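J.: Next up is a structure, given as structure tokens.
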Amino acid sequence: MDVTDVTPARQRPVGLAELARIPVRRWRTVLAATGLVLLLVAAYLLVFPATYTATTAVVVRPVVTDPFSVPSGGADRAVNMTAESGIATSNGVIDKVASITGRDTTDVADALAVETPVGGQVMRFSYSGHSEAEAVDGANGAAEAYLELRKGMYENQRAAVLKSYDDTIALVTSQRTTTQRSLPANQNSSTPSPRTSALLDQLRALNDQLATLAEQRSKIGSADLSPGSVTSAARAPVPSSRDAAPLILVAGLLGGLLVGGLVAFVRESMDRRVRTADEVSALVGAPLLGTVGRDRSGRLSDTDLRYLVLALSRWVDGPKPLPLVLLSSAADERREQVTAGIAAALAQGGHEVRLGVAPESRDRIRPLLADAQRRHPATEPTRPRVPRPRPAPSVVPTPAPTPAAAPMGSPEDTMIIQPVRKPRPFPTDDPKNGGVYRSTTTSADKTEIIPRVLPKEPPVVDGEELRIGSGAVHLVPLDAPTGGGVTVIDAPPALHDERGVRAAREGRAVLVAARDKTRTGRLSQLAERLRAVGVEPVGFVVTGEKRD
């Protein structure tokens, strides 16, 4: 077959069924990934301590003069919730919670979470502790610390404002006193002087200012400084991380299956192996000779091997059969089992098979042949019986007595002489024609020559012999000269060992590929090397499929 005639096979469309076979084919990878994820989930549930989370809700109130008044605008406009969230997570609150729970401030900062919904005045303090009591105390303590801190800040601000008003009122009062003293004691009420009129106007202005300051101070003093109130305090029982353990396990199982499937697809894309015979045909450029599967016992199917021998009969049943050399790219492709199976099947058909094996493969092939010999014991070949020709019967005439001359005298003295039959000798060998003599019962002096049947000489045993069926398998070295019968050679992995390729140059090369094991890169490299040295494979065999 010309190499230039080999065209690459067209890419087949990949369906959903073939995509589903990838995780099934790599079930070990999927199982390992699922087990690893479940192990991590179990470690999280068993090794790490449980976490209890408590939540306290606080309503934040704005500072108003009239507690019953409704602030204008939205609630988030009356209170800046962003600023309040910063106050709730400040160092003052964290220090107070740390003193209550007895934990480090860094751990408290990690365990405390504050939620401030948009458009509302409700804050939620969530605290995660190692026990229910710690979670409850932490959440309630954070809410109380926030309210106390906020109230203290507003009280300090009010005190500063009131002090400012008091200082201003004292200054204005001092000015009014000075103005009152500047007024003359005896003044005409009907016609005051210009100076007196000015002092009176100034005094009235100072009185109005004092009244305004007093009114403003009273408003500041009457302002409601309550920062808010706790509407939902945390209390036991509180949820923990152990409550959703079954759901976490189910999520870990599904996540493990998903991760395992992704890993299986990644490995499939990175590790290309032979899946079908069409892929092998496209890589090798040779026809398929047979597919050899496994039976329930794990051995190669005898039926597949017999059909494979029928496919190889065009090179086996000839006047001068050429050696069959089985090649593979790696050692784990069941090449040795296929070679031993072909040799055993040929021996069952009555062939004398010379099986050339490498020294390192001899101990692995001998048990395979011994198993085939146990299942198919040696039998004698049946020889057709050739009937021996029987001579045609003949009528032997009785010779008439010949009267002898009698002496003259009485009749009693007369004597009759009968002819005496001469006995035939026993069969003796004839050195001239290699036959034997056999006497006949005819009166004629004739001799029939029967060819002598010589005993069949036993075949010359070359190497270790194993009788299987009506034939035999002779284990010979890999480089033994070709003798009579059929020669089958089990070549070492030909990708890195050239001994089998040398034998294939004098015979017929048959490639062996294992489904889901043979790498496409190695197989194509082996085919290129064979063609480079002038060896064209006559076909290939695919192994690995299971037969019911």
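The values are calculated or read from the model by the stated rules, or taken from the named source; none is laboratory data. Treat the numbers as computed from the prediction; the structure is a model and nothing was measured. Cβ: placed from backbone, ideal geometry, glycine included. Neighbour counts: every protein chain shown. With ligands, DNA and RNA removed, areas are computed over all heavy atoms of the protein, side chains included. Shrake-Rupley method; radii C 1.70, N 1.55, O 1.52, S 1.80 Å.
J.: Over segment 198-354, consider all pairs of different Cα atoms and compute the Kirkwood hydrodynamic radius from their mean reciprocal separation; express it in Å, one decimal.
T.: 25.7
J.: For segment 268-316, just say rounded, prolate or oblate: build the C-alpha gyration tensor, square-root its eigenvalues into a ≥ b ≥ c, call rounded for a/c under 1.5, and beyond that prolate if a/b exceeds b/c, oblate if not.
T.: Working: a/c = 4.18, a/b = 1.32, b/c = 3.18.
Judged from the Cα gyration tensor, segment 268-316 comes out oblate (a/c at least 1.5, b/c at or above a/b).
J.: While we're here: Over the Cα atoms of segment 284-372, what Rg and Dmax result, in angstrom?
T.: 13.0, 38
J.: Which value in nm describes the separation of the simple spin-label points at A20 and T89, placed 7 Å from the Cα toward the beta carbon?
T.: For A20 paired with T89, the spin-label model returns 4.9 nm.
J.: To the nearest 0.05, how large is the calculated FRET efficiency for L38 and D363 if R₀ is 56 Å and r is the Cβ-Cβ distance?
T.: The formula returns an efficiency of 0.85 here.
J.: To the nearest 0.05, how large is the calculated FRET efficiency for D110 and D167 if R₀ is 56 Å and r is the Cβ-Cβ distance?
T.: 0.75
J.: What is segment 238-384's relative contact order, in percent, from Cα pairs under 8 angstrom and six or more apart in sequence?
T.: The value is 15 percent.
J.: When Lys and Arg each count +1 and Asp and Glu each count -1, what net charge do the other residues less than 14 Å away from R158, Cβ to Cβ, add up to?
T.: Details: positive: R150, K151, K163, R217, K219; negative: E155, D166, D224.
It works out to a net charge of +2.
J.: Further question on the same structure: With a 1.4 Å probe and all protein chains left in place, how much of the accessible area of segment 80-166 comes from carbon and sulfur atoms, in whole percent?
T.: Result for segment 80-166: 49 percent of the exposed heavy-atom area is carbon or sulfur.
J.: While we're looking at this one, here's another question. Report the gain in length on full extension from A370 to E465: 0.36 nm times residue separation, minus Cα-Cα distance, nm rounded to one decimal.
T.: Here the segment from A370 to E465 would lengthen by 33.1 nm.
J.: Another question, if that's okay. Compute the relative contact order of segment 178-323 as a whole-number percentage, counting only Cα pairs closer than 8 Å that sit 6 or more residues apart in sequence.
T.: It rounds to 9 percent for segment 178-323.
J.: Additional query: What does the charge count near R362 come to, summing +1 for each Lys or Arg and -1 for each Asp or Glu among other residues with Cβ under 12 Å from its Cβ? Mind dumping the intermediate values first?
T.: Numbers: positive: R364, R366; negative: E336, E360, D363, E464, D490.
Combined, the nearby Lys, Arg, Asp and Glu give -3.
J.: Next question. If you take the Cα Rg of segment 116-242 and divide it by 2.2 N^0.38 Å, with N the number of residues, what do you get?
T.: Relative to the 2.2 N^0.38 Å estimate, segment 116-242 comes out at 2.02.
J.: Relative to the present Cα-Cα distance, how much length would full extension add between R499 and V118 at 0.36 nm per residue of separation?
T.: So the chain would gain 129.1 nm between R499 and V118.
J.: When the label point is put 7 Å from the Cα of V230 along its Cα-to-beta-carbon vector, which residues of segment 97-111 have a backbone N closer than 14 Å?
T.: Those under the cut-off are 97, 100-101.
J.: Now, a different point. Between T51 and M153, what length in nm is gained on full extension when 0.36 nm per residue of separation is reduced by their alpha carbon distance?
T.: On the way: separation 102, 0.36 × 102 = 36.72 nm, distance 3.38 nm.
Computed gain between T51 and M153 is 33.3 nm.
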